[in-house]
1. Could you tell me which residue of region 26-67 is farthest from Ala5 (Cα to Cα), considering only residues that are among the charged types (D, E, K, R) and in a loop (DSSP other than H, G, I, E, B)?
2. If I filter region 159-174 for residues that are more than 21 Å from the chain's Cα centre (by Cα) and open to solvent by 20 Å² or more (accessible area, probe 1.4 Å), do I get at least one hit?
3. Quick check on region 225-242: of everything there that is at pLDDT 80 or above and under 19 Å from the mean Cα position of the chain (by Cα), which residue is nearest to Met207 (Cα to Cα)?
4. List, please: which pairs have Cβ atoms under 8 Å, are six or more places apart or on different chains, and start with a residue in region 245-273 that is on the phi > 0 side of the Ramachandran plot and end with one that is hydrophobic (A, V, I, L, M, F, W, C) and crowded, with 18+ Cβ neighbours inside 10 Å?
5. If you check Ile222, Ile148, which single one turns out to be on the phi < 0 side of the Ramachandran plot, part of a helix (DSSP H, G or I), open to solvent by less than 30 Å² (accessible area, probe 1.4 Å) and at pLDDT 90 or above?
6. Taking Ser12, is it part of a loop (DSSP other than H, G, I, E, B), over 16 Å from Ala323 (Cα atoms), in contact (Cβ under 8 Å) with a residue 24 or more places away in the chain and small (Gly, Ala, Ser)?
7. Name every residue in region 68-100 that is in a strand (DSSP E or B) and open to solvent by 30 Å² or more (accessible area, probe 1.4 Å), in order of residue number.
8. Considering Cys105, Cys119, which residue is crowded, with 20+ Cβ neighbours inside 10 Å, part of a loop (DSSP other than H, G, I, E, B) and not small (Gly, Ala, Ser)?
Amino acid sequence: MKNIALIAGGYSGENVISIRSAEVVEKNLDPALFNVYKIVVTPENWTHTTVAGKEIIIDKNDFSLTIDGKHITFDAAFIIIHGTPGEDGKLQGYLDMLGIPYNTCDAATSALTFNKGFCNKVVKNLSVVNVADSLHIFKNKLYNTSEIAEKLGFPCFVKPNCGGSSIGMSKVKTIEELKPAIDRALEEDAQILIEKFVKGREFSCGMFRAKGKKIIFPITEIISKKDFFDYEAKYTPGVTDEITPAQVDDTYSRLMQNTASILYDELNCAGIVRFDFILEESTNDLYFLEVNTVPGQSENSIVPQQVRAMGMTIQDLYTQVLAEIY
């Protein structure tokens, strides 16, 4: 039996989503193979709550627990933190120093992909998929709304550069809306990304690597009843239709899967990763939207939908992912 640290929570507004994801993961880690200890990470403490309800603080010197006098160390970590410190490479770097394997991309890839502005530059340089024009703005540095409007036009998207779940994100339609949207995004992050709007259909493709081979999931189309796929649309039942497999021509489905597969390799990804794309309405050109290196695993999340659509169980997915790392 392997001791697995299921690490959830985090320091961002996504911690609630992480806890939901952790509930699904915990329920689907095979009890015949794994002893699972859920560790909830907050800015105050990293803790495990025993079956008896006792809260045990993690010893960060070696990432261990002591329960009823028994010293427990871990064979591997299953990171399910969305946002910092579990998706941006910080936790991965800590675990690397301790020699504890984990289920996600490494520290460098996690840090790069979590920074949307830097990741867009790298993906654009690979010349395998289109990337929308954008501006990367840093807090306490001057910007000119007229220049932004001239370069990107309207509508455009303003979003925190390092974050997820569309928290702090706005679709801006006029120059008057631009500064308030920037201010809102800067409340969530010290860097923001302003992207040119690409009108089209939104798709998502998940995958993972097992036994050295990539397993690519069916494509999902995301159809929001709101103006864009914001936090409410992502997590409120009925606000968004997520169609898996997507009702799209096989040519485009294969294009998205092949592009995701290339990006997975070129960005040195590992574990379960989800790539989001826009298929432009007027041209059918494919645009890269973002990469999620710790995609949601809650019951309504996209990856579990894709796993079920291909006839795999969630338990088998997690077993294969963990078997790849120890």
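1. Among those that are among the charged types (D, E, K, R) and in a loop (DSSP other than H, G, I, E, B), it is Glu44.
2. Initial filter on region 159-174 (more than 21 Å from the chain's Cα centre (by Cα)): 172-174.
After this cut, where a residue has to be open to solvent by 20 Å² or more (accessible area, probe 1.4 Å) as well, the list is 173-174.
Yes; the residues of region 159-174 include at least one that is more than 21 Å from the chain's Cα centre (by Cα) and open to solvent by 20 Å² or more (accessible area, probe 1.4 Å).
3. Going residue by residue through region 225-242, those that are at pLDDT 80 or above are 240-242.
Within this subset, residues satisfying the condition of being under 19 Å from the mean Cα position of the chain (by Cα) are 240, 242.
Values: Thr240: 22, Glu242: 17 Å.
Filtering region 225-242 for residues that are at pLDDT 80 or above and under 19 Å from the mean Cα position of the chain (by Cα), the one nearest to Met207 (Cα to Cα) comes out as Glu242.
4. Short answer, once both residue conditions are applied: Asn268/Cys105; Gly271/Cys105; Gly271/Phe208; Gly271/Val321.
5. Working: Ile222 fails: part of a helix (DSSP H, G or I).
Every option except Ile148 fails the conditions.
6. yes
7. First, the residues of region 68-100 that are in a strand (DSSP E or B): 70-72, 76-79.
Result: Lys70, His71.
8. Values: Cys119 fails: part of a loop (DSSP other than H, G, I, E, B).
The unique qualifying residue is Cys105.
The values are calculated or read from the model by the stated rules, or taken from the named source; none is laboratory data. These figures come from a predicted structure and were not determined experimentally. Reconstructed Cβ throughout: ideal geometry from the backbone, glycine too, with neighbour counts over all protein chains shown. To get the accessible areas, we keep the full protein, side chains included, count just its heavy atoms, and leave off ligands, DNA and RNA. Shrake-Rupley method; radii C 1.70, N 1.55, O 1.52, S 1.80 Å.
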